[in-house]
Amino acid sequence: MDDRTFHDFSATSIDGEPVDLGAYRGRPVLVVNTATQCAFTPQLRGLQELHERFSALGFSVLGFPSDQFHQDPGSDEDTRETCTSQFSVTFPLFAKTDVNGPDAPPMWRWLCAQRPGVMGGRIAWNFTKFLVSADGHVVRRFAPPVPPTRIARRIEAELALR
């Protein structure tokens, strides 16, 4: 049995800096594999709205761009520019990453093992979302078509607002 939590992993920020995800201990987060040229890319606005609505209460959206589905070409800087200028994203963004296969970081393999989804543990598409509790456990996995507004009640529950 894997007794690790989300807080046992690290990632690289979009600026190339290492980030210990233990820094989010005590805070629920929504981990999302994003892309800038996907049919679901407008969800970035809804994700930003969730971040703004709940960040003062200790919640954060964490965006992990991926070009694994060939919908986020260019550099990390190109991705950041698109996210900030077109969608006003202020939530943390991380360096582009694979989310499936041998090059996927341990965090993504762990997330998929915790909530496998319909593809047997694989990420099916961009904008798959994982709600992680303040203690670092995956509470729920949301399929790409689920709009961020439909996740708000689950976030409220994690923040004990309901």
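The values are calculated or read from the model by the stated rules, or taken from the named source; none is laboratory data. Because the structure is predicted, anything quoted here is derived from the model rather than measured. For neighbour counting, all protein chains shown are included, and Cβ atoms are generated from backbone atoms with ideal geometry for every residue, glycine included.
With respect to (1) within 17 Å of T128 (Cβ to Cβ); (2) in a strand (DSSP E or B), the lone exception for A39 is condition (2). Within region 123-143, the residues that satisfy the criterion of being over 16 Å from A35 (Cβ atoms) and out of contact with any strand residue (DSSP E or B) (no Cβ under 7 Å at 6 or more places or on another chain) are A134, D135, G136, H137.
If you go through region 24-40 and keep only what is touching a residue at least 12 places away in the same chain (Cβ under 8 Å) and either out of contact with any Phe, Trp or Tyr (no Cβ under 8 Å at 6 or more places or on another chain) or loosely packed, with under 15 Cβ neighbours inside 10 Å (or both), you end up with R25, G26, T36, Q37.
When only residues in region 47-60 that are touching a residue at least 60 places away in the same chain (Cβ under 8 Å) and of a type in the set (A, V, I, L, M, F, W, C) count, which is surrounded by the fewest Cβ atoms within 10 Å (Cβ to Cβ)? Filtering region 47-60 for residues that are touching a residue at least 60 places away in the same chain (Cβ under 8 Å) and of a type in the set (A, V, I, L, M, F, W, C), the one surrounded by the fewest Cβ atoms within 10 Å (Cβ to Cβ) comes out as L57. The set of residues in region 61-71 being touching a helix residue (DSSP H, G or I) at 6+ places or on another chain (Cβ under 7 Å) and surrounded by fewer than 19 Cβ atoms within 10 Å (Cβ to Cβ) is empty.
Taking S55, is it polar (S, T, N, Q), outside any loop (DSSP other than H, G, I, E, B) and within 30 Å of L161 (Cβ to Cβ)? The answer is yes for S55. Residues in region 74-82: is at least one closer than 19 Å to E17 by Cα and touching a Ser or Thr at 6+ places or on another chain (Cβ under 6 Å)? The answer is yes, given that some residue of region 74-82 is closer than 19 Å to E17 by Cα and touching a Ser or Thr at 6+ places or on another chain (Cβ under 6 Å). The set of residues in region 109-120 being farther than 25 Å from T149 by Cβ and either at pLDDT 95 or above or surrounded by 14 or more Cβ atoms within 10 Å (Cβ to Cβ) (or both) consists of R109, W110. Within region 151-162, the set of residues being free of Cβ contacts under 8 Å to residues at least 24 places away in the same chain and in contact with a strand residue (DSSP E or B) (Cβ under 8 Å, 6 or more places away or on another chain) comprises just one member, R154.
The residue that is surrounded by the fewest Cβ atoms within 10 Å (Cβ to Cβ), counting only those in region 125-152 that are among the β-branched types (V, I, T) and over 18 Å from F54 (Cα atoms), is V146. Checked against the criterion of being in contact with a Phe, Trp or Tyr (Cβ under 7 Å, 6 or more places away or on another chain) and of a type in the set (A, V, I, L, M), region 75-97 contains not a single residue that satisfies it.
Taking (1) out of contact with any strand residue (DSSP E or B) (no Cβ under 7 Å at 6 or more places or on another chain); (2) within 22 Å of C112 (Cβ to Cβ) in turn, V31 satisfies each apart from (1). One residue stands out among those in region 24-70 that are over 15 Å from the mean Cα position of the chain (by Cα) and small (G, A, S): the one that is nearest to H7 (Cα to Cα), which is G26.
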